[in-house]
Amino acid sequence: MSRSLIIDCDPGVDDAVALFLALGAPELDVLAVTTVAGNVGLDLTTRNARLIVERAGRGDIPVHAGCDRPLVRAPVEAGEFHGASGLGDWAVAEPARPPAPGHAVQALIDLVMARPEGSVDLAILGPMTNVALAMRLEPRLAGRLGRIAVMGGARSAGGNITASAEYNIFADPHAAAVVLGSGAEVIVFGLDVTHAVLATPERIEMIRATSGDAAAATADLLDFSARIERAAVGRAGAPMHDPCPIAWLIRPELFELRPARIAVETTSPLTLGATAVEFRLGQGEAPSTRWAVAADAQRVFDLLATSLERLP
Ligand code: RIB
Ligand code: CA
């Protein structure tokens with residue numbers, strides 16, 4: 001029995017890999033993709049999401065464009081990790097289909113509120129601007145959603161965009177505070193766990209040996225990221241940030257989670273976007289948020305290869 005899922009993202013190389021992982025998984029019924037400004041501008045993230053669903057043979061999935069800037073702070077992009085197009089050096093054409101009509105924020109609300117409570121999961125793979133606005137526009141949304149799986153934050157790993165902040169949270173800390181404080185069931189995959197899921201040369205070769213255009217495109221994207229990672233931090237393999245929440249939605253047993261109170265710094269110029277992840281809970285305290293602390297990296301890549309085998 002598949003679970004309904006909406007994927008909110010800012011493709012983005014690792015967003016692309018996460019989308020392929022989801023689209024090839026029979027456990028997930030992707031109702032829609034919603035896009036947000038993040039790694040690159042909204043026009044590009046929206047074009048890239050349409051290119052990816054079409055490359056996966058799922059051009060039928062609606063892609064709704066969302067917010068073109070964060071709630072409060074000035075936009076900050078991450079093109080240095082994703083290339084000017086947002087999809088590395090992937091030779092891209094224009095998608096065959098236009099974006100779906102309707103803003104992503106309204107589409108999120110309409111899709112979730114039209115379905116039974118708890119039946120629609122949400123993956124957030126970029127800045128949380130769309131979801132925060134949707135929660136404000138429809139106060140019942142947080143309670144209606146199923147699980148929210150988020151890529152964002154850092155605890156012991158430190159930041160990747162500043163010393164203390166991970167990019168998705170840094171890019172819109174106010175939106176992250178709304179979503180993490182909503183009372184919804186939010187499972188957060190921060191750098192602590194994504195840095196353990198590296199696209200090593202051996203794993204890229206495994207993906208390249210997988211048949212189909214989506215697999216070839218994924219191997220090319222991973223090769224691009226590996227070059228960037230090696231030049232930027234000297235690591236032999238880029239962390240698979242955005243595939244982690246998707247892999248958990250498919251195979252939760254691949255990850256270890258801990259209940260945690262998670263707060264976001266929204267005022268300090270020095271530590272804006274930092275996530276305070278507190279495992280020391282009060283007597284009887286049961287936060288609605290959990291933090292991923294470990295992953296079975298090889299089985300995440302095995303899962304990716306299995307998904308890609310199912311795609312054209
Ligand atoms: O810090 C990693 C996150 O920032 C990923 O979602 C990546 O796509 C970028 O958006
Ligand atoms: Ca992303």
Requested in this report: For L272, indicate whether it is within 16 Å of ligand 1 (Cβ to nearest atom), part of a loop (DSSP other than H, G, I, E, B) and modelled with pLDDT of 95 or more.
Outcome: yes
Report task. Of all residues in the range 275-312, count the ones that are closer than 15 Å to T210 by Cα, assigned to a loop (DSSP other than H, G, I, E, B) and among the charged types (D, E, K, R). Result -> 1
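Out of all the residues in the range 122-144, which are outside any helix (DSSP H, G or I) and within 16 Å of ligand 2 (Cβ to nearest atom)? Full working, then the answer.
At the first step, the residues of the range 122-144 found to be outside any helix (DSSP H, G or I) are 122-128, 138-140.
Within the range 122-144, L122, A123, I124, L125, G126, P127, M128 qualify.
Select from the range 99-121 the residues that are part of a loop (DSSP other than H, G, I, E, B) and touching a residue at least 40 places away in the same chain (Cβ under 8 Å) and write down the one among them that is farthest from P269 (Cα to Cα).
Of the range 99-121, the ones part of a loop (DSSP other than H, G, I, E, B) are 99-103, 114-119.
Among the residues that remain, those that are also touching a residue at least 40 places away in the same chain (Cβ under 8 Å) are: 99-100, 115, 119.
Numbers: P99: 36, A100: 38, R115: 41, S119: 39 Å.
Step by step, filter the range 99-121, then rank; the result is R115.
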Query raised in the report: L5 versus (1) surrounded by 24 or more Cβ atoms within 10 Å (Cβ to Cβ); (2) within 18 Å of P127 (Cβ to Cβ); (3) more than 16 Å from ligand 1 (Cβ to nearest atom): which is the lone unmet condition?
Result: (2)
Query raised in the report: In the range 145-180, which residue that is without any contact (Cβ under 8 Å) to a residue 60 or more places away in the chain and not aliphatic (A, V, I, L, M) is farthest from ligand 2 (Cβ to nearest atom)?
Result: S156
Report summary line: Cβ pairs under 7 Å, 6+ apart or interchain, first in the range 276-296 and within 19 Å of E265 (Cβ to Cβ), second surrounded by fewer than 17 Cβ atoms within 10 Å (Cβ to Cβ) and at pLDDT 95 or above, ordered by first then second residue, are A276/A263; F279/R258; P287/P259; P287/L281; W291/R258
Report summary line: All-but-one check, I109 against (1) more than 12 Å from ligand 1 (Cβ to nearest atom); (2) of a type in the set (A, V, I, L, M, F, W, C); (3) over 29 Å from E27 (Cα atoms); (4) surrounded by 18 or more Cβ atoms within 10 Å (Cβ to Cβ), failing number (3)
Report summary line: Of all helices (runs of 4 or more DSSP H) fully inside the range 145-260, the set with 3 or more residues that are over 20 Å from S288 (Cβ atoms) and out of contact with any Ser or Thr (no Cβ under 8 Å at 6 or more places or on another chain) is 201-208, 213-233, 243-250
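Each row is one residue, and each column tells you yes or no for (1) polar (S, T, N, Q); (2) within 16 Å of ligand 1 (Cβ to nearest atom).
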position	(1), (2)
L221	no, yes
G234	no, no
P243	no, yes
S268	yes, no
A276	no, no
P287	no, no
R299	no, no
E309	no, no
Query raised in the report: Is there a residue being farther than 30 Å from T266 by Cα, crowded, with 24+ Cβ neighbours inside 10 Å and away from ligand 1 (no atom under 16 Å from the Cβ) anywhere in the range 25-32?
Result: no
Query raised in the report: If you check every pair at least six apart or on different chains, which have Cβ atoms under 8 Å apart with a residue in the range 1-17 that is at positive phi first and a residue that is near ligand 1 (Cβ under 9 Å from one of its atoms) and in a helix (DSSP H, G or I) second?
Result: G12/H82
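From the list E202, E185, E229, E253, which residue is at pLDDT below 95 and acidic (D, E)?
Details: E202 fails: at pLDDT below 95; E185 fails: at pLDDT below 95; E253 fails: at pLDDT below 95.
Among E202, E185, E229, E253, only E229 is at pLDDT below 95 and acidic (D, E).
Working only within the range 149-184, note down all residues that are of a type in the set (D, E, K, R) and more than 13 Å from ligand 1 (Cβ to nearest atom). Can you show your working first?
Within the range 149-184, the first condition is being of a type in the set (D, E, K, R), and the residues that meet it are 155, 166, 172.
Answer for the range 149-184, where residues must be of a type in the set (D, E, K, R) and more than 13 Å from ligand 1 (Cβ to nearest atom): just R155.
Taking only the range 260-303 into account, find how many residues are in contact with a helix residue (DSSP H, G or I) (Cβ under 7 Å, 6 or more places away or on another chain) and not polar (S, T, N, Q).
Here is the first cut: in the range 260-303, the residues in contact with a helix residue (DSSP H, G or I) (Cβ under 7 Å, 6 or more places away or on another chain) are 262, 264-266, 272-273, 275, 289, 292-296, 299-301, 303.
Filter again for not polar (S, T, N, Q), leaving 262, 264-265, 272-273, 292-296, 299-301, 303.
Of the residues in that region, 14 qualify.
The values are calculated or read from the model by the stated rules, or taken from the named source; none is laboratory data. Since this is a predicted model, take the numbers as computed values, not measurements. Note: ideal-geometry Cβ built from the backbone for every residue, glycine included; neighbour counts use all protein chains shown.
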